[in-house]
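Taking it in order: structure first as structure tokens, then the write-up.
The values are calculated or read from the model by the stated rules, or taken from the named source; none is laboratory data. Being a predicted model, the structure only gives us computed values, none of them experimental. Cβ coordinates were reconstructed from backbone atoms using ideal geometry, including for glycine residues, and neighbour counts include every protein chain displayed. Surface areas here come from the heavy atoms of the whole protein model, side chains and all, with no ligands, DNA or RNA. Shrake-Rupley method; radii C 1.70, N 1.55, O 1.52, S 1.80 Å.
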Amino acid sequence: MNANSDENQLPLVIVSHTLLESWLEKLKRGCRLVIGPETSVSDGLAPEIAARLPEAQGILELLTVPIDESLLERAPKLQVVSNMAVGVDNVDLAACTQRGIPVGHTPGVLTEGTADLTMALLLATARRLFEASQDARQGHWTTWEPAGWLGADLSGATLGIVGMGKIGTAVARRARAFDMRLVYSNRSPKPEIESQLAATRLPLAELLRQSDFVSLHVPLTAETKGLIDRDALSLMKPTAILINVARGPVVDSNALYHALREKQIAAAGLDVTDPEPLPPTDPLYGLPNCLIVPHIGSATINTRRRMAELACDNLLAGLAGRQLPHCANPAVYDD
């Protein structure tokens, strides 16, 4: 058997987007890779990549690729899906489980980078950096102004954390270094966090009323979709700032636009939007009190490299018939 024949025996794996070559070394040694473009025009697989679904035994994809019934029906040989993300709201877990397909994800490694970005958004919106920078560029900075671009202090302010998981906890630790008062909303109490960081658990409505800053760190579920809607925003202080690094649909975009435009709240910092990416014509971009960045919570060299490593480990385990190190649908292994 020649080398080409040996290569043809290797499992075919679709990698939805172009990644750094060094990130895929593990896969290259034991798989045939079909790699998509660096970016996609719209959600889903590029057409030339989707055409290989009937042969695919594994898929390594990003959260912009819906893994749904229609895709699964086109991939009868599929053994494993590896999501290079913590959240799996782009994957129909029930459909995958029903087909016996384990779904991998990459928890844990995004925590510190996403917490850092949360604080960056919090600081930038508190000190109105986006507005001040734009004014400087446009020639509106003519002299030092004692009442110009006045922002909010972090020290002594109340930070409300919605979702005290790993990222929420990492944000809380950073916020304590800024001498912020901490309150949080979570399905279950976190007595260790309360003790260590002097955090107080509150119902969501009361958290919104008390907080000077509200930071969202919940997964996207049926319960959290639209969690921050018109009614929720109406509970916030007119001086309050909203930070969202969770998922875009956790916030009602139209309600947020009106709350910002009417100064019902002071500002918002968004790493995630609904829809995503947010079209450049969206009215949120036109608001000087809304800072939007393109979903870069995990965008550090070390974090993205580690995410890719975990995604490769999950995929290789699935192809070998082993249990995935990080499986989002463990019920797939139930007898």
**OP:** Please list 170-180, 264-274, 281-291 highest first by mean number of surrounding beta-carbon atoms within 10 Å per residue.
**Re:** 264-274, 170-180, 281-291
Subject >> Calculated Rg and Dmax of the stretch 178-332 using C-alpha coordinates, Å >> reply: 18.4, 56
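Send over a whole-number figure in Å² for the accessible area per residue of the chain, probe 1.4 Å. It would help to have the intermediate numbers written out before the result.
Working: 16570 Å² over 335 residues.
Spelled out: the 1.4 Å probe surface of the chain, per residue, equals 49 Å².
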Original post:
Dipole size in debye (nearest 20) for the stretch 229-335 around its Cα centre, Lys and Arg Cβ +1, Asp and Glu Cβ -1?
Top reply: 400
Original post:
Using a basic spin-label model with each label point 7 Å from the Cα along Cα→Cβ, how many nm lie between Ala136 and Arg99?
Top reply: 5.2
Original post:
For the stretch 52-64, in order, what is each residue's ³J(HN,Hα) by Karplus, 6.51 cos²θ - 1.76 cosθ + 1.60 with θ = phi - 60°, in whole Hz (x at glycine and Pro)?
Top reply: 8, 4, x, 9, 6, 9, x, 10, 10, 9, 9, 5, 7
Original post:
Sorted by average packing, counted as other Cβ atoms within 10 angstrom per residue and highest first, what order do 299-306, 135-142 take?
Top reply: 299-306, 135-142
Subject >> Lys/Arg +1, Asp/Glu -1 at C-beta; the stretch 198-305 dipole; positive extreme among Pro238, Thr303, Leu256 >> reply: Thr303
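What is the dipole size for the stretch 177-302, taken about its Cα centre, with +1 at each Lys and Arg Cβ and -1 at each Asp and Glu Cβ, in debye to the nearest 20?
Numbers: 11 positive and 14 negative charges, 38 e Å.
Around 180 debye, computed over the stretch 177-302.
Using DSSP to call loops (not H, G, I, E or B), can you name the trypsin sites (Lys or Arg not before Pro) in the stretch 20-66 whose Cβ has at most 13 other Cβ atoms within 10 angstrom? Mind dumping the intermediate values first?
Working: sites: Lys26, Lys28, Arg29, Arg32, Arg52; in loops: Arg29, Arg52.
When the trypsin sites (Lys or Arg not before Pro) of the stretch 20-66 are filtered for loop state and at most 13 Cβ neighbours within 10 Å, Arg29 remain.
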Subject >> Of all accessible heavy-atom area on the chain, the percent that carbon and sulfur account for (1.4 Å) >> reply: 52
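For a 32 Å ceiling on Cα separation, which of these pairs sit above it: Lys190/Lys237; Lys28/Lys190; Lys26/Lys225?
On the way: Lys190/Lys237 26 Å; Lys28/Lys190 43 Å; Lys26/Lys225 37 Å.
Long pairs (Cα-Cα over 32 Å): Lys28/Lys190; Lys26/Lys225.
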Subject >> Ellipticity estimate at 222 nm from DSSP helix runs (n ≥ 4, -39,500 (n - 2.57)) divided over the chain, nearest 500 >> reply: -9000 deg cm²/dmol
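Based on the alpha carbons, how large is the Rg to Rh ratio for the chain when Rh follows Kirkwood? Mind dumping the intermediate values first?
Numbers: Rg = 22.2 Å, Rh = 21.6 Å.
Over the Cα atoms of the chain, Rg/Rh equals 1.03.
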Original post:
Going highest first, how would you order 310-318, 8-16 by mean Cβ packing within 10 Å?
Top reply: 310-318, 8-16
